[in-house]
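The values are calculated or read from the model by the stated rules, or taken from the named source; none is laboratory data. Quantities reported herein were computed from a predicted structural model and do not represent experimental measurements. Note: ideal-geometry Cβ built from the backbone for every residue, glycine included; neighbour counts use all protein chains shown. These accessible areas exclude ligands, DNA and RNA; they are computed on the full protein's heavy atoms, side chains included. Shrake-Rupley method; radii C 1.70, N 1.55, O 1.52, S 1.80 Å.
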Amino acid sequence: MGRASMIPIKTEEEVAVMRRSGAIAQRILDEVSEFVQPGLSTREVDEFAAACALQLGDERGEWAVVFGD
(Lines give C-alpha, C1' and ligand atoms only; values in the text may rest on other atoms or scores of the structure.)
Protein backbone atom coordinates (compact mmCIF):
# COMPACT_ATOMS: atom_id res chain seq x y z
CA MET A 1 0.00 0.00 0.00
CA GLY A 2 1.42 3.34 -1.02
CA ARG A 3 1.06 6.77 0.47
CA ALA A 4 -1.68 7.64 -2.03
CA SER A 5 -4.24 5.96 0.22
CA MET A 6 -3.44 8.17 3.24
CA ILE A 7 -6.21 10.29 4.71
CA PRO A 8 -5.39 14.00 4.46
CA ILE A 9 -5.27 15.80 7.82
CA LYS A 10 -7.43 18.93 7.93
CA THR A 11 -6.07 22.23 9.15
CA GLU A 12 -7.74 24.11 12.01
CA GLU A 13 -9.17 26.54 9.45
CA GLU A 14 -10.61 23.73 7.31
CA VAL A 15 -12.22 22.15 10.37
CA ALA A 16 -13.71 25.51 11.38
CA VAL A 17 -15.24 25.93 7.90
CA MET A 18 -16.64 22.39 8.09
CA ARG A 19 -18.22 23.17 11.47
CA ARG A 20 -19.80 26.39 10.16
CA SER A 21 -21.21 24.68 7.07
CA GLY A 22 -22.51 21.81 9.23
CA ALA A 23 -24.26 24.29 11.52
CA ILE A 24 -25.93 25.94 8.51
CA ALA A 25 -27.01 22.53 7.19
CA GLN A 26 -28.50 21.67 10.58
CA ARG A 27 -30.52 24.89 10.67
CA ILE A 28 -31.76 24.30 7.10
CA LEU A 29 -32.84 20.76 7.93
CA ASP A 30 -34.60 21.98 11.08
CA GLU A 31 -36.51 24.60 9.08
CA VAL A 32 -37.40 22.15 6.32
CA SER A 33 -38.59 19.50 8.78
CA GLU A 34 -41.04 22.04 10.25
CA PHE A 35 -42.20 23.08 6.77
CA VAL A 36 -42.90 19.61 5.34
CA GLN A 37 -46.48 18.40 5.45
CA PRO A 38 -48.68 16.03 3.47
CA GLY A 39 -49.68 17.36 0.07
CA LEU A 40 -46.52 19.38 -0.64
CA SER A 41 -44.60 18.51 -3.76
CA THR A 42 -40.90 17.76 -3.62
CA ARG A 43 -40.41 20.87 -5.76
CA GLU A 44 -42.05 23.02 -3.08
CA VAL A 45 -39.83 21.45 -0.42
CA ASP A 46 -36.73 21.92 -2.60
CA GLU A 47 -37.57 25.58 -3.24
CA PHE A 48 -38.16 26.19 0.47
CA ALA A 49 -34.86 24.51 1.35
CA ALA A 50 -33.03 26.60 -1.26
CA ALA A 51 -34.58 29.80 0.10
CA CYS A 52 -33.55 28.80 3.63
CA ALA A 53 -30.01 28.12 2.46
CA LEU A 54 -29.76 31.52 0.81
CA GLN A 55 -31.29 33.32 3.78
CA LEU A 56 -29.23 31.56 6.45
CA GLY A 57 -25.99 31.78 4.53
CA ASP A 58 -26.47 35.45 3.71
CA GLU A 59 -27.78 36.30 7.18
CA ARG A 60 -24.63 35.00 8.83
CA GLY A 61 -22.26 35.90 5.97
CA GLU A 62 -21.22 32.26 5.85
CA TRP A 63 -21.32 31.38 2.17
CA ALA A 64 -18.24 33.42 1.40
CA VAL A 65 -16.38 31.55 4.13
CA VAL A 66 -17.67 28.13 3.10
CA PHE A 67 -17.10 28.56 -0.63
CA GLY A 68 -14.17 30.96 -0.55
CA ASP A 69 -15.88 33.84 -2.37
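Give the number of residues within the stretch 1-28 that are without any contact (Cβ under 8 Å) to a residue 40 or more places away in the chain and surrounded by 12 or more Cβ atoms within 10 Å (Cβ to Cβ). Full working, then the answer.
Kept after step one, since they are without any contact (Cβ under 8 Å) to a residue 40 or more places away in the chain, are these residues of the stretch 1-28: 1-16, 18-19, 22-23, 25-28.
Checking which are surrounded by 12 or more Cβ atoms within 10 Å (Cβ to Cβ) leaves us with 16, 18, 23, 25, 27-28.
Here the count works out to 6.
List every residue pair whose Cβ atoms lie under 6 Å apart, where the two residues are 6 or more positions apart in sequence or sit on different chains, the first residue falls within the stretch 33-60 and is open to solvent by less than 60 Å² (accessible area, probe 1.4 Å), and the second residue, located anywhere, is of a type outside the set (A, V, I, L, M, F, W, C) and modelled with pLDDT of 90 or more.
Listed by first residue and then by second, the contacts come to Cys52/Glu31; Leu56/Arg27.
Need at least 3 residues that are of a type in the set (D, E, K, R) and at pLDDT 95 or above per element, so show me which helices (runs of 4 or more DSSP H) inside the stretch 10-69 make the cut, counting only ones lying wholly within it. Talk me through it step by step, then tell me what you get.
Working: elements: 12-35, 42-60, 63-67.
Answer list for the stretch 10-69: 12-35.
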